[in-house]
């Protein structure tokens, strides 16, 4: 009987260790996902970006979000020519998103775009060279759920808008699926 008790205790200890390991992975994996995304952007690694970002889903989410924001803006603006103008800009926005929201497009933007620190734009949270400053430790907060987490970045514009980057679980890894922009309409 003494051999059975020690084997049983060993199984209990192993179960506890497995539970601790799963909990540690669940808690820390978003931070590693963000670090890996930042490294892929800074290193201009198109292949890594393709694995970490679900580009078809991201493009559709951005198109829906921008079309909704443009429609809301046109209605708030209250002029018929604004509504007609928004109808004409929809296909242009779709095409721009299709061209630039790709691994190669993100690499080009991250390495070539400079945004002045004093610019009053929603994306100035990424000021300077986007690739060099994106997702700095002090610029974001992780808000997590069981199978998804959001990275909330406080912008440096006058309004203090927030950009939310949404990741979803895909097996044992996290995949970026949405970027929620602060589209608050005119003014």
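Scan 76, 81 and give me the residue that is in a helix (DSSP H, G or I) and either exposed (fewer than 10 other Cβ atoms within 10 Å of the Cβ) or without any contact (Cβ under 8 Å) to a residue 40 or more places away in the chain (or both).
Step by step, each of 76, 81 is checked, and only 81 is in a helix (DSSP H, G or I) and either exposed (fewer than 10 other Cβ atoms within 10 Å of the Cβ) or without any contact (Cβ under 8 Å) to a residue 40 or more places away in the chain (or both).
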Filtering region 155-187 down to residues that are modelled with pLDDT under 75 and surrounded by fewer than 18 Cβ atoms within 10 Å (Cβ to Cβ) yields 157, 158, 159, 160, 183, 184, 185, 186, 187
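Answer with yes or no whether residue 97 is closer than 23 Å to residue 180 by Cα and in contact with a helix residue (DSSP H, G or I) (Cβ under 6 Å, 6 or more places away or on another chain).
Spelling it out, residue 97 is indeed closer than 23 Å to residue 180 by Cα and in contact with a helix residue (DSSP H, G or I) (Cβ under 6 Å, 6 or more places away or on another chain).
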Residue 79 fails exactly one of (1) more than 19 Å from the chain's Cα centre (by Cα); (2) at pLDDT 85 or above, namely (2)
Selection over region 21-37 where residues are surrounded by fewer than 16 Cβ atoms within 10 Å (Cβ to Cβ) and either closer than 13 Å to residue 151 by Cα or within 12 Å of the chain's Cα centre (by Cα) (or both) yields a count of 3
When restricted to 71, 64, 94, the only residue touching a residue at least 24 places away in the same chain (Cβ under 8 Å) and either under 24 Å from the mean Cα position of the chain (by Cα) or not in a helix (DSSP H, G or I) (or both) is 94
By residue number, the members of region 38-54 that are within 20 Å of residue 153 (Cβ to Cβ) and surrounded by 16 or more Cβ atoms within 10 Å (Cβ to Cβ) are 38, 40, 41, 42, 49, 52, 53, 54
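The values are calculated or read from the model by the stated rules, or taken from the named source; none is laboratory data. The shown structure was predicted, so the numbers you read here are calculated from the model rather than taken from an experiment. Positions of Cβ are generated from backbone atoms using ideal geometry, with glycine treated the same way; all protein chains shown enter the neighbour counts.
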